[in-house]
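Presented below is the structure to which this report refers.
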Amino acid sequence: MATRAVRVVTPNKALDRPGIRGNGGNRSRAGRSAPNREPGKAGDLVEFRRLASHEVELHRDLRLRALRDAQDSFGETFTDAAVRPISYWEELTRSVTEPGRDVMFLACEGKDVLGSAYGLLDRACSDSGRVGGMWVGRAWRRRGVGRALLQEVISWGRERRLRRLGLWAPAHNPAAIALYSRAGFRSTGDQRELATNPALSIIAMEVEL
Ligand SMILES: CC(C)(COP(=O)(O)OP(=O)(O)OC[C@H]1O[C@@H](n2cnc3c(N)ncnc32)[C@H](O)[C@@H]1OP(=O)(O)O)[C@@H](O)C(=O)NCCC(=O)NCCS
C-alpha cells in the first residue's frame, strides 16, 4: 500500500498527553516536525500507514487512549476494554493486519501516533464496509488529520471494490457529523441508542464509493 503524507497545521501540544510511540512498521516515509509555526500556517508533515502485525501493544494503547478521551463516541467503555486479556488484542490485531481482512490506519508524526481509524468489512454484505474507531488526539484536531484518515479508509474501500461505506456517528458530536458530511456521508435515517450510554444516540451514515 502506498503511504501518504499530508501537511497539517502545527498542533498545540500542551493540550495533549505525550504521543504514543510506535515502531514504524510498514513505514515508507518519515514525518518531520516543524516547531514554532503559527497556527493556520503550513506545518507538520503527518504520515499515514497501516498497523503492523507485531504492534499489538500499540494497538491496545491507542484504543484505550481513544476510549478514555472520547467516552461517549464509541460502543465500548474504557473500563471494559482495559480489562480485556492480551489474547483479545492479539486477535483484534490479526483481524486488521492479515491480508484480505479489516485494516487499521495510523496517523503518525515520526514515531508518535496522533490518531487512528478502522476500515471494516461488512460480514453481512460483501460489497459494503464500515468506518470505525475514528479518533484524533486533542492537540491535533481541526488540522485535517481526521479528514485524511477518513480518506485512507475510503481509498481502501475503493481498492477492495466495495460499493459503499457505512458508519455510526454520535448524534451529539458535531465534529464527527461534520467530518463525515464533508466527505460525502449522508444519514440513512437509522438511529439507535449508544450502547454505553442509552441517554445518547448514534445515527447511521453512508457513502457510495
Ligand atoms: C471527529 C474527529 C475524528 C475529527 O478529527 P479532526 O482531525 O479534528 O478533523 P479534521 O481537522 O480533519 O476536520 C475535517 C472537517 O471536519 C469538520 N470538523 C472537524 N472538527 C470539527 C469541529 N470541532 N466542529 C465543527 N466541524 C468540525 C470540519 O468540516 C472540518 O473541515 P474544516 O476544518 O475544513 O472546516 C475528532 O474530533 C475526534 O477524534 N473526536 C473524538 C472521537 C470521535 O468522536 N470520533 C468519531 C466517532 S464516530
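When the range 170-179 is filtered for residues that are farther than 13 Å from Ala117 by Cα and in contact with a strand residue (DSSP E or B) (Cβ under 7 Å, 6 or more places away or on another chain), the ones remaining, listed by number, are Pro170, Ala171, His172, Ile177. All conditions but one from (1) basic (Lys, Arg); (2) out of contact with any strand residue (DSSP E or B) (no Cβ under 6 Å at 6 or more places or on another chain); (3) farther than 14 Å from Val8 by Cβ apply to Arg147; the one that does not is (3). A single entry from His59, His54 fulfils the requirement of being at pLDDT 95 or above and over 17 Å from the mean Cα position of the chain (by Cα): His54.
Inclusion of Thr196 among residues that are more than 18 Å from Arg49 (Cα to Cα) and at pLDDT below 95 is warranted.
In the range 73-90 there is at least one residue matching the filter, namely being surrounded by 17 or more Cβ atoms within 10 Å (Cβ to Cβ) and touching a residue at least 40 places away in the same chain (Cβ under 8 Å).
In the range 111-151, of all residues being more than 9 Å from the ligand (Cβ to nearest atom), outside any strand (DSSP E or B) and more than 13 Å from the chain's Cα centre (by Cα), the one that is surrounded by the fewest Cβ atoms within 10 Å (Cβ to Cβ) corresponds to Ala124.
Would you pick out the residues in the range 64-88 that are within 18 Å of Ala117 (Cα to Cα), away from the ligand (no atom under 12 Å from the Cβ) and assigned to a helix (DSSP H, G or I)? Passing the criteria: Leu64, Phe78, Ala81.
The values are calculated or read from the model by the stated rules, or taken from the named source; none is laboratory data. Since the model is a prediction, treat every value here as computed from it, not as a measurement. Every residue, glycine as well, gets a Cβ built from its backbone with ideal geometry; the counts of neighbours run over all protein chains shown.
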